[in-house]
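Here is the structure we will look at, set down as structure tokens.
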Amino acid sequence: MGGSASKVGRSLPTKAARSAVKYDGSTPGSSNAPFRSPPPFRSTKDHVIEADGKDPQLLANLRVIGQVKVPPGSPTIRAANQVVDMYRARDISEQQAASSRPVLNHLGAGALSNLLEDRKHIVAPPDLGQLATRYTIDVSVLNDLVRFVNSPSIAEGTVVRSVNSDNGAERITMEAVWIEPTTKHDERLQT
């Protein structure tokens, strides 16, 4: 029993004991006695069972190591809190999904992609406020979001089509670019 680490320091006898007794009462050298199965299960422990369960090296090593010290606020407690937070967030999300009115600053992936794509076509700063109102998102949240997130755009003139001569498979490559909305005066929209 125990892990392999407890067996490393174990010292086992190098010679077999000569007075070992088999279950049938015969000694190891005699082969004329018939084989008997091990004794049946007993509901109480006797000295044979106690001796079989002892591992002196393991017990000595466990005494040296001592009791496990778990620091307060251990990772298992934090993991349990994270699970509770996850269930709480799911419950809130399900309640919001069941509601008929839109929730402020909460967008699905499709709506977020559409918002970012529509933002590229804004020509005046007041249009940004109208766009934010249409998607039920604060303008400040939108400004924070677009600093790091954008919808995919393809640079004009970078699409290259090639056909593999071996199997005829067509490969299309293109360059992705980050596009910011521009005003009528070709100045970058202040977000």
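The values are calculated or read from the model by the stated rules, or taken from the named source; none is laboratory data. The shown structure was predicted, so the numbers you read here are calculated from the model rather than taken from an experiment. For neighbour counting, all protein chains shown are included, and Cβ atoms are generated from backbone atoms with ideal geometry for every residue, glycine included. In case anyone asks, the SASA skips ligands and DNA or RNA and just uses the protein heavy atoms, side chains included. Shrake-Rupley method; radii C 1.70, N 1.55, O 1.52, S 1.80 Å.
Could you grab me the full set of residues in segment 117-144 that are small (G, A, S) and open to solvent by less than 60 Å² (accessible area, probe 1.4 Å)?
Once the filter is applied, which keeps residues that are small (G, A, S) and open to solvent by less than 60 Å² (accessible area, probe 1.4 Å), segment 117-144 yields A124, G129, A132.
Please enumerate the residues belonging to segment 117-144 that are in contact with a Leu (Cβ under 8 Å, 6 or more places away or on another chain), outside any loop (DSSP other than H, G, I, E, B) and touching a residue at least 24 places away in the same chain (Cβ under 8 Å).
Passing the criteria: R119, P125, L128, L142.
Across segment 173-191, which residue is modelled with the highest pLDDT among those that are over 14 Å from V149 (Cα atoms) and open to solvent by less than 80 Å² (accessible area, probe 1.4 Å)?
Among those that are over 14 Å from V149 (Cα atoms) and open to solvent by less than 80 Å² (accessible area, probe 1.4 Å), it is T173.
Between S162, S151, which is at pLDDT 90 or above and not basic (K, R)?
S162
Just to be sure I understand the filter: pairs with C-beta atoms under 6 Å, separated by 6 or more residues or on different chains, first member in segment 145-171 and open to solvent by 50 Å² or more (accessible area, probe 1.4 Å), second member polar (S, T, N, Q) and assigned to a strand (DSSP E or B). Which pairs pass?
Once the first residue is open to solvent by 50 Å² or more (accessible area, probe 1.4 Å) and sits in segment 145-171, its partners that are polar (S, T, N, Q) and assigned to a strand (DSSP E or B) give V160/T173; R171/S162.
For segment 119-136, state whether one or more residues are within 34 Å of the chain's Cα centre (by Cα) and more than 19 Å from W178 (Cα to Cα).
Yes, the conditions are met somewhere in segment 119-136.
Could you check N114 against (1) open to solvent by less than 90 Å² (accessible area, probe 1.4 Å); (2) in a loop (DSSP other than H, G, I, E, B); (3) under 25 Å from V149 (Cα atoms) and say which number it fails?
The one condition N114 does not meet is (2).
Checking N105 against (1) exposed (fewer than 13 other Cβ atoms within 10 Å of the Cβ); (2) under 30 Å from P181 (Cβ atoms), which single condition isn't satisfied?
(1)
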